[in-house]
Amino acid sequence: LNHPTVVVIPYQVSTMQLVELYRLNILMFVPSLDLLKTWCQDYDLMWEVSYGWPEDLMPDLHPGIPYQNDRPDMDKHRKEWSEKFDYWIAKSDFYLFPHLIHFDTWDHLVELYEGDDGLAAVNLSMMKENAKIRTSLLSQREEILARVRENLDCG
């Protein structure tokens, strides 16, 4: 909790650890989509995202959306893999959560961290976002409990 920031090296599209760190308002640096793509192509990072090679049994249900799973012969330097990656990985928590800081190279990460330009403001924005989410979740919980009480009174 006392550490100023965390560098996230993704291995899966969603992890509880990222959510926990975010809820603790810990600043996080995450590789940009282009950098992560390069790491996946060159070092097989995020190999856990696809398990096996199941056939797409209903391709007509999602026209224009790349099939999310790989094939055994899929080349990570071909257009098909690139389109799939760009579409699906961009929907990962570390690209959807607001206020995560994306870096394009290791040098860029050091510049962002050492420059300290706006890191306090980013942290404050995370705090506000988490407070808003907490308020919303508590409100939803109260609504659910009220419905449960209502149903118990009626039954």
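Only the coordinates and a few stated rules stand behind these numbers; no lab work does. Predicted, not measured: the structure shown is a model, and the values here were computed from it. Heads up, the Cβs are rebuilt from the backbone with ideal geometry, glycines too, and the neighbour counts pull from every protein chain shown.
The 3J(HN,Hα) values that the Karplus relation (6.51, -1.76, 1.60; θ = phi - 60°) gives for the range 130-144 are, in residue order, 5, 5, 5, 5, 4, 4, 4, 5, 5, 5, 4, 4, 4, 4, 5 Hz. Gly and Pro appear as x. Under a model in which nothing but the beta-carbon of Lys, Arg (+1) and Asp, Glu (-1) is charged, the range 70-141 shows a dipole of about 680 debye around its Cα centre. Calculated on the alpha-carbon coordinates, the convex hull of the range 88-155 measures out at 94 cubic angstrom per residue.
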